[in-house]
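I have placed the structure first, in the form of structure tokens, so that the comments after it can refer back to it.
The values are calculated or read from the model by the stated rules, or taken from the named source; none is laboratory data. No experiment lies behind these values; they were computed from the predicted model shown. Counting neighbours? That spans all protein chains shown, and the Cβs are built from the backbone with ideal geometry, glycine included. The accessibility values were calculated without ligands, DNA or RNA, using every heavy atom of the protein model including side chains. Shrake-Rupley method; radii C 1.70, N 1.55, O 1.52, S 1.80 Å.
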Amino acid sequence: MERMIAMCGLDCGPCEARLATQANDTAAKERVAAQWREQFHAPDIDAAYVACDGCLASTDRHCGWCYQCPIRACGMERGLPNCAHCDEFESCEKLAGFFGPGTPARATLEAIRKELKT
């Protein structure tokens, strides 16, 4: 499976919203929207909201949250592939607020940082 790491360290490759968008599968996007409405207690989420080509895609198809994401905005402004490449990674308050204990996204970014140092 394609590995597509978002600014925050999430792997966009297996994301159901991205996969449904790539397949142009309206029914799958509707299923994702229904899951997200429940998961995020957001009754307004619809299939258009979940249409996404991945955080770093140059298209205008990003999940609704991506347009508001301060982590994505900061990384894009700095021209980074993801936050692992940022000099302020260790002290970043945006990431600290996003990461929870044992967050896979944090582990992904830390692994990338380790690779960058070798």
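Mind ranking 3-16, 82-95 by how tightly packed they are, going by the mean number of other C-beta atoms within 10 angstrom, highest first?
Most protected by this proxy first, the peptides run 3-16, 82-95.
When all protein chains stay in place, what accessible area (Å², nearest 10, 1.4 Å probe) is found for Arg113?
Number for this one is 40 Å².
How far apart, in nanometres, would the label points at Glu30 and Glu115 be if each is projected 7 angstrom from Cα along the Cα-to-Cβ direction?
If labels sit at Glu30 and Glu115, their model points lie 3.9 nm apart.
First select every other residue whose beta carbon is under 13 angstrom from the beta carbon of Gln39; then total the charges, Lys and Arg +1, Asp and Glu -1.
Working: positive: Arg31, Arg37; negative: Glu16, Glu38.
Result for the local shell: 0.
Once label points are set 7 Å from the Cα along Cα→Cβ at both Ala23 and Met76, what is their separation, rounded to one decimal in nm?
Each label point lies 7 Å from its Cα, and together they span 2.7 nm.
So, taking all protein chains as they sit and a 1.4 Å probe, how much accessible area belongs to Glu30, in Å² rounded to tens?
Near enough 90 Å² of accessible area.
Give the whole-number value, in cubic angstrom per residue, of the convex hull volume spanned by the C-alpha atoms of the chain.
Convex hull volume per residue, Cα atoms: 117 Å³.
Order Thr21, Thr103, Thr118, Thr26 by their accessible area, 1.4 angstrom probe, all chains in place, largest first.
Thr118, Thr26, Thr103, Thr21
Please arrange Leu80, Leu56 by accessible surface area, largest first, computed with a 1.4 Å probe and ligands excluded.
Values: Leu80 40, Leu56 65 Å².
Listed by decreasing accessible area, they come as Leu56, Leu80.
Which of the listed residues, Cys69, Ile112, Ile5, is farthest toward the dipole's positive end in the chain, when Lys, Arg count +1 and Asp, Glu count -1 at the beta-carbon?
Ile112
If the elastic network links every pair of Cα atoms under 10 Å, which of Arg72, Arg106, Arg37 fluctuates the most in the Gaussian network model of the chain?
It is Arg37.
Along each of its three principal axes, how wide is the spread of alpha-carbon positions in segment 52-118, in whole angstrom units, largest first?
34, 25, 18
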